[in-house]
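J.: Just passing along the structure, written as structure tokens.
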Amino acid sequence: MTIHDDVQEVLLTEDQIRGRVAELGVELAHDYSDRQPVLVSVLKGSIVFLADLIRATELPLSVDLMELSSYGAAMESSGQVRILKDLSGSIEGRDLIVVEDIIDTGLTLNYLLRYLHERTPASVHICCLLDKPARRLTDIHIDYRGFTIPDRFVVGYGLDFDEHYRNLPYIGVLRPSVYGGAEPRT
Ligand code: 5GP
């Protein structure tokens, strides 16, 4: 019995992800060729994407990490966010690239963007691996997008269900029996 046995369908293979992340790295290297951006990422779902993305670009970049948690009903994204871990360095006057695993309603990112802008960075751009536009509740401009995916609850490549499956090397959908029926809402 392994984590793979719980996967019903693979949406994005390891090869597809690797190829697209390499392309994003090249795009970033091109667009930021004369700058030293700070990649701001949100724990924990983004760690695998971040780890691969920074190795796909040769920019003189730095990394800072935040951890956020949503208030409200357990599986609903409420947009009310609590900071569990703050930035460790100053971002004033810096060029930020927000590295996100997935943008669903957009409420978490909306909060994060307001928080970052208050600290007067020089610029803020968004790089997300997965865009799930079906349930978007805010207008967010995504500058660098890995893939657009349908309204499914996905796991793997850093994304969890109940803290499991982050170590799947691909993006997949779990068997309904794992959830006990319906897919969880985020
Ligand atoms: P949003 O505020 O955009 O609705 O939610 C963003 C966060 O919800 C993501 O960073 C991620 O943690 C979680 N999320 C949204 N969709 C999914 C999904 O399909 N699978 C998993 N594992 N988490 C998701």
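J.: For residues in region 133-160 being touching a strand residue (DSSP E or B) at 6+ places or on another chain (Cβ under 6 Å) and in a loop (DSSP other than H, G, I, E, B), which is nearest to A182 (Cα to Cα)?
T.: Residue satisfying both the conditions and the ranking: R152.
J.: Something else: Looking only at region 125-143, how many residues end up being away from the ligand (no atom under 12 Å from the Cβ) and crowded, with 18+ Cβ neighbours inside 10 Å? Write out each step before concluding.
T.: So the first thing to find is which residues in region 125-143 are away from the ligand (no atom under 12 Å from the Cβ), and the list is 125, 127, 139, 141, 143.
Narrowing further to those that are crowded, with 18+ Cβ neighbours inside 10 Å: 127.
Qualifying residue count for the region: 1.
J.: Among the residues of region 94-109 satisfying the criterion of being in contact (Cβ under 8 Å) with a residue 60 or more places away in the chain and more than 12 Å from the chain's Cα centre (by Cα), which is farthest from the ligand (Cβ to nearest atom)? Please lay out each step first, then the result.
T.: To start, the set of residues in region 94-109 that are in contact (Cβ under 8 Å) with a residue 60 or more places away in the chain comprises 95, 97, 99, 104-105, 108.
From the residues that got through so far, the ones that are more than 12 Å from the chain's Cα centre (by Cα) too are 95, 105.
Details: D95: 22, T105: 3 Å.
So, considering only residues that are in contact (Cβ under 8 Å) with a residue 60 or more places away in the chain and more than 12 Å from the chain's Cα centre (by Cα), the one farthest from the ligand (Cβ to nearest atom) is D95.
J.: Taking only region 26-66 into account, find how many residues are assigned to a helix (DSSP H, G or I) and among the charged types (D, E, K, R).
T.: Here is the first cut: in region 26-66, the residues assigned to a helix (DSSP H, G or I) are 26-31, 47-55.
Retained after the next criterion (residues that are among the charged types (D, E, K, R)): 27, 31, 52, 55.
Residues in region 26-66 being assigned to a helix (DSSP H, G or I) and among the charged types (D, E, K, R): 4 in total.
J.: Cβ contacts < 9 Å: first residue on the phi > 0 side of the Ramachandran plot, restricted to region 156-168; second residue charged (D, E, K, R) and more than 9 Å from the ligand (Cβ to nearest atom), any location; separation 6+ or different chain. Result?
T.: Cβ pairs passing all conditions: Y157/E14; Y157/D52; Y165/D6.
J.: Separate question: Residues to consider are L43, L112, L39, L84; find the one that is within 16 Å of the ligand (Cβ to nearest atom), over 27 Å from T148 (Cβ atoms) and of a type outside the set (D, E).
T.: L84
J.: If you take the residues in region 161-173 that are outside any strand (DSSP E or B) and modelled with pLDDT of 95 or more, which one is surrounded by the fewest Cβ atoms within 10 Å (Cβ to Cβ)?
T.: Taking region 161-173 as the starting set, the residues that turn out to be outside any strand (DSSP E or B) are 162-163, 165-170.
Filter once more, so that each one left must be modelled with pLDDT of 95 or more: 165-170.
Numbers: Y165: 21, R166: 18, N167: 11, L168: 24, P169: 14, Y170: 18.
So the residue we want is N167.
J.: Identify all residues within region 24-59 that are farther than 17 Å from G156 by Cβ, under 15 Å from the mean Cα position of the chain (by Cα) and of a type in the set (S, T, Y); write none if there are none.
T.: If the condition is that a residue be farther than 17 Å from G156 by Cβ, under 15 Å from the mean Cα position of the chain (by Cα) and of a type in the set (S, T, Y), then S41 is the only one that fits.
J.: Quickly run through region 68-98 and pick out the residues that are modelled with pLDDT of 95 or more and outside any loop (DSSP other than H, G, I, E, B).
T.: Passing the criteria: K85, D95, L96, I97, V98.
J.: I need the full set of residues from region 109-156 which are hydroxyl-bearing (S, T, Y) and in contact with a Pro (Cβ under 7 Å, 6 or more places away or on another chain), in order please. Steps first, please.
T.: The initial filter retains those residues of region 109-156 that are hydroxyl-bearing (S, T, Y), namely 111, 115, 120, 123, 138, 144, 148.
Across region 109-156, the qualifying residue is only T148.
The values are calculated or read from the model by the stated rules, or taken from the named source; none is laboratory data. Every value quoted in this text rests on a predicted model; they were computed, and no experiment measured them. Virtual Cβ from ideal backbone geometry, glycine too; neighbours counted across all protein chains shown.
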